[in-house]
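The values are calculated or read from the model by the stated rules, or taken from the named source; none is laboratory data. Bear in mind that the values here come from a model prediction, so they are computed numbers and not experimental data. Cβ coordinates were reconstructed from backbone atoms using ideal geometry, including for glycine residues, and neighbour counts include every protein chain displayed. With ligands, DNA and RNA removed, areas are computed over all heavy atoms of the protein, side chains included. Shrake-Rupley method; radii C 1.70, N 1.55, O 1.52, S 1.80 Å.
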Amino acid sequence: MANGSKRDYYEVLGVNRNASETEIKKAYRRKALQFHPDKNPGNKEAEENFKELSEAYAVLSDGQKRATYDQFGHAGLGGGGFSEGFGFGGSPFEDIFGDIFGDIFGGGAARRGRGRRGDDLRYNLTISFEEAAFGLETKVQIPRHHPCEACAGTGAKKGTSPKTCPTCRGAGQVRYQQGFFSLTRPCPDCAGEGRVIEDPCPECRGTGRVRSKKSISLKIPAGVETGNRLKLSGEGEAGTHGGPPGDLYVVISVKDHPLFQREGQEVICEIPVSFPQAALGCDLEVPTLEGKVKLKVPAGTQSGKVLKLAGKGIPNLQGYGRGDQLVVIRVETPTRLTSRQKELLEEFAQEGGDTHPMGKSFFDKVKEIFG
Ligand SMILES: [Zn+2]
Ligand SMILES: [Zn+2]
């Protein structure tokens with residue numbers, strides 16, 4: 001990396017901005033193996049890469065330093081310069097371009113004469129089983145950057161304005177020779193923005209944005225499931241130096257319910273019934289998402305039998321109809337019998353008759369096969 005400018009630490013490690021500690025550690029190990037001086041004797045570039053990598057890891061593996069860096073970039077760490085790096089973002093075309101040619105160009109494709117797009121943000125929202133079923137409206141506080149008012153997002157002190165970068169003359173990229181190839185890479189002195197700030201705005205330290213919490217209203221539709229993502233376009237981080245904002249993704253996670261399970265649009269509820277109830281039939285009060293309803297259990301109901309409560313399930317996320325509730329009957333074998341109850345059951349067993357047809361047919365088959 002050339003003179004004075006620094007690459008974005010996340011980019012150096014090749015991880016995204018919300019990477020976990022483990023991901024950061026993994027990425028560091030992988031790249032450290034690649035660039036380690038012992039593996040690349042006499043290779044200046046590998047040595048530089050290794051230094052850069054160690055520095056990025058020292059910051060991103062330290063929670064406090066990482067937070068400072070996230071907020072203020074390299075400037076916040078006293079490293080000088082106001083480069084925000086040339087991370088990801090920009091138009092989809094540039095993202096694809098950057099992905100494919102990233103290795104050759106040493107980073108994302110250069111962007112000329114404009115600010116960098118803000119990062120996408122992820123917000124994890126945990127909701128109850130019922131809220132997932134019926135939807136909810138809520139407000140969340142999203143900590144994020146927004147354009148600095150003092151400098152109108154330019155990063156230049158009030159009354160001054162950013163100057164055309166002398167290194168690249170505003171092009172945002174510089175050419176260099178690699179073997180037979182003449183390649184371009186983002187300009188190291190302006191991080192590909194084509195402009196430099198000589199007199200940074202004191203409010204935002206030249207980044208053009210400041211951090212605060214924003215209250216955002218969310219409308220979660222009925223029928224969402226764990227893992228569903230809601231995209232709020234333009235509600236992510238502000239761009240730097242007037243670049244467009246990123247998007248906000250709200251990722252849903254639904255809490256377990258003590259009585260219900262969910263399978264797609266169906267609500268499943270297991271209900272224990274006693275052996276006499278199952279044998280004689282009964283009326284049950286069954287819990288549903290909207291309170292209790294009556295359900296007739298016919299005489300002779302076997303354990304595992306599924307009874308359906310039509311339209312008592314989860315509404316379709318796209319608004320087409322609603323699933324059913326499935327009631328699974330679990331016949332509970334009586335335990336802790338009194339001696340009188342034992343007597344009654346023995347008497348019941350001695351009575352004989354065709355009370356257990358399933359058992360009878362099973363043992364008839366066993367006899368057929370094994371004699
Ligand atoms: Zn400012
Ligand atoms: Zn430049």
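Which residue, of Gly206, Gly170, is more than 32 Å from the chain's Cα centre (by Cα) and within 16 Å of ligand 2 (Cβ to nearest atom)?
Details: Gly206 fails: more than 32 Å from the chain's Cα centre (by Cα).
Exactly one of Gly206, Gly170 is more than 32 Å from the chain's Cα centre (by Cα) and within 16 Å of ligand 2 (Cβ to nearest atom), namely Gly170.
Check whether at least one residue in the stretch 222-229 is outside any loop (DSSP other than H, G, I, E, B) and either within 16 Å of ligand 1 (Cβ to nearest atom) or modelled with pLDDT under 90 (or both), and report yes or no.
no
Does Leu309 satisfy the condition of being under 30 Å from Pro258 (Cα atoms), open to solvent by less than 100 Å² (accessible area, probe 1.4 Å) and within 44 Å of the chain's Cα centre (by Cα)?
Working: under 30 Å from Pro258 (Cα atoms): yes; open to solvent by less than 100 Å² (accessible area, probe 1.4 Å): yes; within 44 Å of the chain's Cα centre (by Cα): yes.
For Leu309, the condition - under 30 Å from Pro258 (Cα atoms), open to solvent by less than 100 Å² (accessible area, probe 1.4 Å) and within 44 Å of the chain's Cα centre (by Cα) - is met.
Could you grab me the full set of residues in the stretch 230-251 that are buried (at least 20 other Cβ atoms within 10 Å of the Cβ), of a type outside the set (S, T, N, Q) and in contact with an Asp or Glu (Cβ under 8 Å, 6 or more places away or on another chain)?
Glu235, Gly236, Glu237, His241, Pro245, Gly246, Leu248
With respect to the numbered conditions (1) open to solvent by less than 70 Å² (accessible area, probe 1.4 Å); (2) within 12 Å of ligand 2 (Cβ to nearest atom), which one is the sole condition not fulfilled by Thr164?
(1)
Step by step: first the residues of the stretch 173-195, then only those that are without any contact (Cβ under 8 Å) to a residue 60 or more places away in the chain and within 16 Å of ligand 2 (Cβ to nearest atom), then the one that is most open to solvent (accessible area, probe 1.4 Å). Which residue is that?
Arg175
So, in the stretch 319-359, exactly how many residues are part of a loop (DSSP other than H, G, I, E, B) and of a type outside the set (Val, Ile, Thr)? Please lay out each step first, then the result.
Let us first name the residues in the stretch 319-359 that are part of a loop (DSSP other than H, G, I, E, B), namely 319-321, 323-324, 333-338, 351-356.
Narrowing the set further to residues that are of a type outside the set (Val, Ile, Thr) leaves 319-321, 323-324, 334, 336-337, 351-354, 356.
Final tally of qualifying residues: 13.
Pairs under 6 Å by beta carbon, first residue over 25 Å from Ile220 (Cβ atoms) in the stretch 308-335, partner of a type in the set (Ser, Thr, Tyr) and surrounded by 15 or more Cβ atoms within 10 Å (Cβ to Cβ), six or more apart or different chains?
Between residues of the stretch 308-335 that are over 25 Å from Ile220 (Cβ atoms) and residues that are of a type in the set (Ser, Thr, Tyr) and surrounded by 15 or more Cβ atoms within 10 Å (Cβ to Cβ), the close pairs are Ile329/Thr301.
Is it true that Ser303 is outside any loop (DSSP other than H, G, I, E, B) and of a type in the set (Gly, Ala, Ser)? Full working, then the answer.
Working: outside any loop (DSSP other than H, G, I, E, B): no; of a type in the set (Gly, Ala, Ser): yes.
For Ser303, the condition - outside any loop (DSSP other than H, G, I, E, B) and of a type in the set (Gly, Ala, Ser) - is not met.
Restricting attention to the stretch 250-297, report how many residues are β-branched (Val, Ile, Thr) and closer than 14 Å to Ile314 by Cα.
Initially, the stretch 250-297 is screened for residues β-branched (Val, Ile, Thr), giving 250-252, 254, 267-268, 271, 273, 286, 288, 293, 297.
Keeping just the survivors that are closer than 14 Å to Ile314 by Cα gives 254, 267-268, 288.
So the count comes out to 4.
Checking the condition of a type in the set (Gly, Ala, Ser) and either open to solvent by less than 40 Å² (accessible area, probe 1.4 Å) or in contact with a Cys (Cβ under 6 Å, 6 or more places away or on another chain) (or both), which residue from Gly319, Gly304 passes?
On the way: Gly319 fails: either open to solvent by less than 40 Å² (accessible area, probe 1.4 Å) or in contact with a Cys (Cβ under 6 Å, 6 or more places away or on another chain) (or both).
When all the criteria are applied, what remains is Gly304.
Please verify whether Ala279 is of a type outside the set (D, E, K, R), open to solvent by less than 20 Å² (accessible area, probe 1.4 Å) and more than 16 Å from ligand 2 (Cβ to nearest atom), treating the condition exactly as stated.
On the way: of a type outside the set (D, E, K, R): yes; open to solvent by less than 20 Å² (accessible area, probe 1.4 Å): no; more than 16 Å from ligand 2 (Cβ to nearest atom): yes.
Criteria not met by Ala279.
Return only the number of the condition from (1) in contact with a Lys or Arg (Cβ under 9 Å, 6 or more places away or on another chain); (2) over 25 Å from Glu235 (Cβ atoms) that Gly179 does not satisfy.
With respect to (1) in contact with a Lys or Arg (Cβ under 9 Å, 6 or more places away or on another chain); (2) over 25 Å from Glu235 (Cβ atoms), Gly179 is out only on (1).
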